[in-house]
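One structure below.
Since every read-out is calculated from the coordinates, none of them should be taken as a lab result. As the structure is a computational prediction, the values presented were derived from the model and not from experiment. Heads up, the Cβs are rebuilt from the backbone with ideal geometry, glycines too, and the neighbour counts pull from every protein chain shown.
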Amino acid sequence: MSEDTNELLPVSTPSEDILDTVAVISSLAPGLGGTIATVLSSISLDRKIGRVREVILEMWRAINEIQGEIPQQYVKSDEFAELLEKTFHQVAEERRKDKLLAYAMFLAGDISSPGAPYDEKLRILRTLEEIQPDHIRILNAMLLPPENTTNFNGSVSQTLQRRLPDIPSERIHDLAQQLTDMRLASLKHINTWMTASGAEQLDNYLTPYGKTFMRHITHPRK
């Protein structure tokens with residue numbers, strides 16, 4: 001597998017770019033490339049095709065990095081083709097780079113480890129369509145390991161503000177409420193005082209679905 005697929009792809013029109021991308025992937029992984037080509041032929045993306053190409057390339061890089069075997073039976077299945085089509089339609093409407101990367105990791109993880117139920121994957125896609133990049137930043141901040149502190153007490157709000165100093169506290173509170181509404185986290189009482197160690201252990205405030213969601217959109221592992 002190529003370490004830098006972009007080196008094989010000449011710069012041209014968006015449509016030609018994605019055809020070149022798929023051709024390269026097809027030569028290296030015929031089953032995966034064939035399914036991508038079939039799905040792309042059935043949908044019209046016009047000028048938005050560049051976003052889909054970006055996601056395909058990031059997905060391919062992630063698959064290359066873990067050096068796993070591509071499950072040929074799965075990537076040729078109707079289930080994967082349908083999931084790919086739904087993902088590409090959402091990607092075509094998405095302008096934000098952070099979320100395009102999340103879609104790429106979602107596909108790479110699904111190819112590397114396709115065992116999750118199909119309905120769960122559809123739920124992840126629905127959440128990806130709704131979620132904002134700052135939501136994902138908060139979720140990532142909640143997964144950071146706790147820091148040693150000499151304080152006696154603290155709050156979830158203080159910890160989030162320290163880990164995300166560029167986001168105003170009012171917006172952190174608003175985003176926290178939205179994450180609670182989406183059932184990704186339980187952050188209704190982020191100003192409640194508690195022990196400092198408790199305020200540092202933010203992964204405890206992710207819901208089971210929140211943890212599942214983050215596994216689906218982060219870089220897959222072997």
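Placing unit charges on the Cβ atoms of the charged side chains and taking the dipole of the chain about its Cα centre, the candidate lying farthest along the positive direction among Ile25, Ile136, Thr159 is Thr159. Distance between the pseudo-spin-label points of Ile66 and Arg171 (7 Å out from Cα toward the beta carbon): 3.2 nm. Dipole size of the stretch 134-214 about its Cα centre, with +1 on Lys/Arg Cβ and -1 on Asp/Glu Cβ: approximately 140 debye, rounded to the nearest 20. Remark: the Gln73-Ser113 segment gains 13.1 nm on full extension, using 0.36 nm per residue and subtracting the alpha carbon distance.
Before rounding to the nearest 500, sum -39500 (n - 2.57) across all DSSP H runs of length at least 4 in the chain and divide by the residue total; then give [θ] at 222 nm in deg cm²/dmol.
Details: 12 runs with 139 residues, N = 222.
That calculation yields -19000 deg cm²/dmol at 222 nm.
Note on the stretch 5-124: the C-alpha convex hull projects to 6.9 nm² when averaged across all orientations. Extent along the principal axes, Cα only, for the stretch 134-214: 33, 25, 19 Å, with the longest axis given first. May I ask you to evaluate 6.51 cos²θ - 1.76 cosθ + 1.60, the Karplus curve with θ = phi - 60°, for each residue of the stretch 139-148 and list the ³J(HN,Hα) values in order in whole Hz, giving x for glycine and proline? The phi angles translate into 4, 5, 5, 5, 8, 5, x, x, 9, 6 Hz.
Note on Rg and Dmax of the Cα atoms in Å: of the candidates (i) 19.6, 60; (ii) 16.7, 52; (iii) 17.4, 58, the value calculated from this structure sits at (i).
Please identify the longest segment of the chain free of exposed GluC sites (Glu not before Pro), where exposed means a DSSP state other than H, G, I, E or B and no more than 15 other Cβ atoms within 10 Å.
Numbers: sites that count: Glu3, Glu69, Glu93, Glu147.
Here the longest run is 148-222.
Could you calculate the FRET efficiency of Lys188 with Lys211 from 1/(1 + (r/R0)^6), where r is the beta carbon distance between them and R0 is 22 Å, rounded to 0.05?
Numbers: r = 18 Å, r/R0 = 0.83.
Result of the calculation: an efficiency of 0.75.
Put simply, the amide H of Ala185, placed in the peptide plane, has neighbours under 5 Å in Thr180, Thr207, leaving out anything fewer than 5 places away on its chain.
Near Leu206, once Lys and Arg are set to +1 and Asp and Glu to -1 for all other residues with Cβ below 15 Å from its Cβ, the sum equals +3.
With K and R counted +1 and D and E -1, the other residues having a Cβ less than 14 Å from that of Pro146 yield a net charge of -1.
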